[in-house]
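Participant: First the structure, which I've put down as structure tokens, then a few questions once you've had a look.
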Amino acid sequence: MMSYSNLVFEVGEWQLYELVLLGVGLGILLLSLLIGHWWPLGLWRWALVLIVSGGLVTLCAQSRLQVSQLSDLLVRGAKLEVVEGNFHYGDYQFSNVAKHGIDYREISLDERAIKLYHSGYLPSARCYRALYTQNQFHPDAHLRLSIYWSEYHYTYRSNRYTLKAPCIVKVEQLFDDEGLALAASR
């Protein structure tokens, strides 16, 4: 029996806000060029156009640079852990009841439990965060997660702790030849 995967998320994908930044930045520049063809804009207006459009394109470029660093981890496979199994969406633990005061969502793949923390504890805003707030997968969906683990140091009630936070850089859902989600017992 052959199987194939459906890529749900990969860190290298273009995000909507990146496309908007790039489009608006280039749009402002092109619109200014068109307007400047018929009406002179003057030095100060051109400076403002260049600063605004350059700033927007620079924000997009910085985001893509961060993506390239995480994508490099994914390509090399260095320091990545691949976890595969049937997915179960766990409970949310509020900070007032969670150990050490950090809220998290627990998910599990077969017997492996993984705690997902809110984005303030992730090494990058590019990590997959949708599982923290919502579940888009069917119960017992067979997933393969590529996880980069980072350490975050914090202080809670005068004690210093090290939190090992997962940054999910790739999510795949596995299917069989007929397009049915695979079960863990294959």
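Participant: With only Lys, Arg, Asp and Glu charged, each at its Cβ (+1 for the first two, -1 for the last two), find how big the charge dipole of the chain is about the Cα centre; round to the nearest 20 debye. It would help to have the intermediate numbers written out before the result.
Facilitator: Working: 16 positive and 17 negative charges, 187 e Å.
For this selection, approximately 900 debye.
Participant: What is the packing order of peptides 57-70, 140-153, taking the mean over residues of other C-beta atoms within 10 Å and listing the highest first?
Facilitator: On the way: 57-70: 14.9, 140-153: 17.5.
Top of the packing list down: 140-153, 57-70.
Participant: Cβ neighbours within 10 Å, averaged per peptide: list 43-49, 129-135 in order, most packed at the top. Each step should come with its number before you reach the end.
Facilitator: On the way: 43-49: 12.4, 129-135: 14.9.
Per-residue Cβ counts within 10 Å, averaged per peptide and sorted highest first, yield 129-135, 43-49.
Participant: A follow-up question, please. When the Kirkwood hydrodynamic radius is evaluated over all pairs of different C-alpha atoms of the chain, what value in angstrom, to one decimal, is obtained?
Facilitator: Averaging 1/r across every pair of different Cα atoms and inverting gives 19.5 Å.
Only the coordinates and a few stated rules stand behind these numbers; no lab work does. Bear in mind that the values here come from a model prediction, so they are computed numbers and not experimental data. FYI the Cβ positions are ideal-geometry reconstructions off the backbone, even for glycines, and counts take in every protein chain you see.
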